[in-house]
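Could you have a look at this structure, given as structure tokens, before my questions?
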Amino acid sequence: MNRFIKIQDSIFVEKCIVCGSRPVIQQAPGGKFIVRCKANADHYKTQPGLIDIDAWNKHNRKPDNGSDNIRHLKRG
């Protein structure tokens, strides 16, 4: 099955860390789903199961370089 489900633009997802494309949802056998890179199936993909955008975001988040200007602010 090569049909993908587009993730709505209103849902925040990190772009693929390898190629920069927005991920899609692919249905796996057994009624499970995979969040994967649209451009290349060999790039990172989540484990089959529920739609796990959090796992995708954690894996594709670029390392924090600490250069933003709000790090010095105290919380609460």
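The values are calculated or read from the model by the stated rules, or taken from the named source; none is laboratory data. Small disclaimer: the values here were computed from a predicted structure and weren't measured. Every residue, glycine as well, gets a Cβ built from its backbone with ideal geometry; the counts of neighbours run over all protein chains shown.
Determine which member of the set Val13, Val24, Val18 is outside any loop (DSSP other than H, G, I, E, B), β-branched (Val, Ile, Thr) and closer than 23 Å to Lys62 by Cβ.
Working: Val13 fails: outside any loop (DSSP other than H, G, I, E, B); Val18 fails: outside any loop (DSSP other than H, G, I, E, B).
So the residue among Val13, Val24, Val18 that is outside any loop (DSSP other than H, G, I, E, B), β-branched (Val, Ile, Thr) and closer than 23 Å to Lys62 by Cβ is Val24.
Limited to the range 27-57, what total is found for residues that are in a loop (DSSP other than H, G, I, E, B), β-branched (Val, Ile, Thr) and in contact with a helix residue (DSSP H, G or I) (Cβ under 9 Å, 6 or more places away or on another chain)? Show your work before the answer.
Taking the range 27-57 first, the residues in a loop (DSSP other than H, G, I, E, B) are 29-31, 38-44, 46-48, 50-52.
Subsequent filtering for residues that are β-branched (Val, Ile, Thr) retains 46, 51.
Filter once more, so that each one left must be in contact with a helix residue (DSSP H, G or I) (Cβ under 9 Å, 6 or more places away or on another chain): 46.
Result for the range 27-57: 1.
Only residues that are among the acidic types (Asp, Glu) and either touching a helix residue (DSSP H, G or I) at 6+ places or on another chain (Cβ under 7 Å) or at positive phi (or both): list them for the range 3-26, please. Steps first, please.
Keep residues of the range 3-26 that are among the acidic types (Asp, Glu), which gives 9, 14.
Across the range 3-26, the qualifying residue is only Glu14.
Moving to a separate point now. Can you name the residue in the range 42-76 that is modelled with pLDDT of 90 or more and among the aliphatic types (A, V, I, L, M) and is also farthest from the chain's Cα centre (by Cα) among such residues?
Here the answer is Leu50.
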